[in-house]
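To start, the structure under review is shown below, and the notes come after it.
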Amino acid sequence: MTHLNRTRDILRDLIAFPTVSADPNLDMMGYIADLLDAHGARVDLIHDATGRKCNLFASLGPEIDGGVMLSGHSDVVPVTDQDWSRDPWQMWEEDARLYGRGACDMKGFIAATLALAPSFTSRNLRRPIHFAFTHDEEVGCLGAQSLVDALRDRDARPSVAIVGEPTMMGVIEGHKGCCEYTTRFTGLEGHGSAPDLGVNAVLYAVRYVNRLMQLAEEMKSRAPAASRFNPPWTTVNVGRLAGGVAHNVIPGKAELDWEMRPVQDADARHIKGALEDLVATELLPEMRRIWPEADITTETIGEVVGLHPVKDNAARHLIAELTGANSADVVPFGTEAGLFQSLGMSVVVCGPGSIAQAHKPDEFVALDQLSQCLTMLERLGQSCAA
Ligand SMILES: [Zn+2]
């Protein structure tokens, strides 16, 4: 069977596991573990605290330090409220494209790496090839964080990572960070006719948002001169603000979902510091003068560190050799790559399909993209056996 046919079969199986981030992924990870085990890989499953989800880390080749890690996330975004033309969990093929939830983000890449496992095994690998598949990428890279912790404890670990997020097989060497928060405001409810007797949670939330927007403006002048990102500065987004019940009631609660995408760690620290300052010195003292139990708390939903482009990047050199790509780009979306870099690995993002199709109804990956990916992986096998 050709590698492409094998990839198609595996992708059909992977798409049939509805691994939406909120739901367990153990069935799919069990399927992958069996498949890799059958080809002689050493497979570890690393469970999360709930026991409902796990990361999978597997290795082929010698048990030595270094080697190349092929990385992907097992979870997909929900299909609720999306208008799919067919069942999103049953892969279909049309016009040389494979459709289904996760086809490009990023089960297509995972299927391609698994399809090549027998080929990797048949070679006399001198450098190990590792598979790292995580849970909960779409909701803050939670799995990758615990995978990084697990890898830190190992004597032998990969030195190069290829993260197969959809880039149309282009090479990405940098992306911004992505930090998401929910800030909750607790005031004191009261009758609308006596605003001074309550603590209006919505009004304090609005002041918080105003400060955030000031900080967002400030970021424009802090963009590093060499920044290749578009836009070149750290951005801030207010995604959701909710609170209050009726015209004549002082709202006692408000909730704000916001995010920032830092181009440098100092910006993230600056924004957090400025907000903590506003809360501690202005908002809370005012609120508590009227109601001592008033509060403002911020929950961190996820802090995905950025991938910083570096001059001497072994992963970029390797992928250039494998794909012939002679340039590398930066992108505005976050991936797990920054976390792996923080562990001292050389990292690039390169995978089949387009980010334009990710998270959309009728998500697809083109067969031609999978073929290009398979060629890259075959050359990787050769290169690790050389
Ligand atoms: Zn993804």
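Readers should treat all values here as calculations from the given coordinates under stated rules, not as data from a laboratory. For clarity, every value in this text was computed on a predicted model and none was experimentally measured. Here the Cβ is made from the backbone with ideal geometry for all residues, glycine too, and neighbour counts use every protein chain on show.
Annotations for the structure displayed:
- Computed FRET value (nearest 0.05) for GLU276 with ARG123, which takes r as the C-beta separation and R₀ as 45 Å: 0.25
- Among GLU94, GLU138, GLU255, GLU336, a tally of other beta-carbon atoms within 10 Å of each Cβ gives an order, fewest to most, of GLU94, GLU255, GLU138, GLU336.
- If you bin all the Cα-Cα distances of the chain at 20 Å, starting from zero, the percentages per bin are 27, 50, 20, 3, 0.
- The range 178-304, relative contact order [Cα under 8 Å, separation at least 6], %: 42
- Residues HIS130, HIS191, sorted so that the one with the fewest Cβ neighbours within 10 Å comes first: HIS191, HIS130
- Where a label projected 7 Å from the Cα of ALA266 along Cα→Cβ would reach, residues of the range 284-326 with amide N under 12 Å: none
- Take the Cα of VAL249, step 7 Å toward its Cβ, do the same at ARG52, and the gap between the two points is 3.0 nm.
- Relative pair counts by distance (%), Cα atoms of the range 1-141, 5 Å bins: 2, 10, 19, 22, 19, 14, 8, 4, 1, 0
- Under a 5 Å amide H cut-off, with hydrogens placed 1.01 Å from N, GLU165 pairs with CYS350 among residues at least 5 apart or on other chains.
- For LYS220 and LEU284, the difference between the fully extended length at 0.36 nm per residue and the C-alpha to C-alpha distance is 20.2 nm.
- Each listed q (0.15, 0.25 Å⁻¹) maps to a log10 I(q)/I(0) for the range 122-220 from the Debye sum over equal C-alpha point scatterers, namely -0.90, -1.36.
- Loop-located GluC sites (Glu not before Pro) in the range 266-300 (DSSP state not H, G, I, E or B) with no more than 13 neighbouring Cβ atoms inside 10 Å: GLU293.
- Of every Cα-Cα pair in the range 178-304, the percent that sits beyond 19 Å: 51
- Mean-square fluctuations from a GNM of the chain, with a 10 angstrom spring cutoff on Cα atoms, peak among PHE131, PHE109, PHE333 at PHE333.
- Folded to 0 to 90 degrees: helix 26-38 orientation relative to the chain principal axis, Cα: 20
- Cross-linked pairs LYS53/LYS360; LYS53/LYS107; LYS176/LYS360; LYS107/LYS311: Cα-Cα separations exceed 19 Å for LYS53/LYS360; LYS176/LYS360; LYS107/LYS311.
- Ordering LEU147, LEU197 from the fewest to the most neighbouring beta carbons within 10 Å gives LEU197, LEU147.
- Fluctuation leader among ALA246, ALA205, ALA111 - the chain, Gaussian network, Cα springs under 10 angstrom: ALA246
- Residue of ASN200, ASN248, ASN237 that the Gaussian network model of the chain assigns the largest fluctuation, springs spanning Cα pairs under 10 Å: ASN248
- For the chain, calculated [θ]222 nm from helices alone, where every DSSP H run of n ≥ 4 adds -39500 (n - 2.57): -10000 deg cm²/dmol
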